[in-house]
Amino acid sequence: MIRLHDIHKSFGDHKVLKGITAEFLTSKVNYVIGRSGSGKSVLTKCTVGLIEPDSGHVTYDDRNFTAMSRKERKGIRQEIGMLFQGGALFDSLTVVENVKFPLRMFSDLPASGIADRAMDCLRRVELEAAADRLPSEVSGGMQKRVGIARAIAMNPKYLFCDEPNSGLDPQTAIVIDNLIKDITREYDMTTVVVSHDMNSVMEASDTIHFVHEGQILWHGDRHQLLAGGVRELEEFVFASDLMRTIRKRR
Amino acid sequence: MFFRSFVAELEAIGTQSVGIVALLSVFMGAVICLQTAHQIGGWIPVYTIGFTVRQTMILEFSPTLIPVILSGKVGSSIASQLGKMRVDEQIDALEIMGVNSAAYLVLPKILAGVLIIPFLVVLSMVLGIGAGAWVGVTTGVSSLADFEYGMQVDFKSFDVVYALTKTTVFGFLLTSVPAYHGFHASGGALGVGQSSTRAVVWSVVLIMVSNLVLTSLLLN
């Protein structure tokens, strides 16, 4: 479980996070939703340590990550997998070399073990046929799947996904959503997905945190989400005709 | 992983720069020879041509102008490569994995630059002087004996030490400054382009300033 305790973060005079407290549950897909500029990405970066919060702290299974030194954090970082919005694949390496990268850096496996593990991960995302291609030679959806394969290579306890569906067609987006949902159960991970895609939220979320202007205004699950209750949340969730139609039919 | 990365940088910074270094050095050596021949006459001895080509190549053209030119080629490549990695979140991905991204990405480039650029400069000296001799003889402005004599007259081996000392410092500057700018790039393609431009400009400025400082310290 990941806990955020009263996280504050400002850039100059601009307060981006204003006291975020939240829990992300193990073996669940925990969504963080909100409008662009609401502070979701900064929240994720504070959680994984890419940005230091001004105050508050983050705990990973009761280990205070914020208080740790860079060296101490290294241990937890090796338990974290992250899928970035653009894939963030190393473009000079082939697909399989990308997946092997964390294994080469941190595992004690022999070369044959690394190759086997990398191919297992690629098989899991159904991309073993693309193993020797460069990231620029595969589609956006495939790049996301390679990103997932690389993220799970080290068998992480925590998985972060930043806008996993951005730029994907609806069918591919559902494939990615289901993959994230399935591997969360399979690897018993604590998964945190940052998204503003309501299709994805309705497809894959177990818990949902709604961030608005740097604060969590609401949290619950997808069934409670449709009931609404908070004006800002309703404006966000029911912004599209499709969601309004769904609400009417309920 | 580090060694593999270091070898790749040796190739990118060193081997892939041999062509441009050779081209520039050959033509500069030849032009210096012809310009010197044009300016001497009457009471100035012909061996001055060999002397001037040697001194120009060893003291200034090879150790200073070759790094300046390489800061355009190598520096912009380093800055744009790291800048793209920054804006594409590849550096964030390394950090998330627990990799020290600066050590992993920047250190091999700096070490490779410091190690390989002096070799390129020595190559430049040899090719420049050789081209000067060849052009001098083939155009008839100097005999080979005069050129050889000029090359050897008043030769101070410390000049080579001075040149290679400068080159090592410039090798550090032309890799570390672009690496800094690329590593801290932001704002998409425009930001990468700006970081690349800043990297080249600051590398050249720092090479010129340190050239003056080192020359004052080492030759006076």
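Between A:GLU128 and B:ALA103, what FRET efficiency follows from the Cβ-Cβ distance if R0 is 41 Å, with the result rounded to 0.05? Working shown, then result.
Details: r = 33 Å, r/R0 = 0.80.
The formula returns an efficiency of 0.80 here.
Within chain B, the selection of entire DSSP H helices by a Cα span of 15 Å or greater along the long axis and an average Kyte-Doolittle value of at least 0.5 returns B:18-39, B:107-139, B:157-183, B:188-219.
Ratio of the range B:2-219's C-alpha Rg to 2.2 N^0.38 Å, to two decimals? Present the calculation step by step, with values, prior to reporting the outcome.
Working: Rg = 20.1 Å, N = 218, 2.2 N^0.38 = 17.0 Å.
Normalised Rg, Cα atoms only: 1.18.
Within the range B:14-93, the chymotrypsin sites (Phe, Trp or Tyr not before Pro) that combine a DSSP coil assignment with at most 11 other C-beta atoms in a 10 angstrom radius are B:TRP43.
Quick note: the coordinates plus some simple rules give every number you see, no bench work behind them. All figures in this text were calculated on a predicted structure; none of them were measured in a lab. Cβ atoms come from the backbone with ideal geometry, glycine included; neighbour counts cover every protein chain shown.
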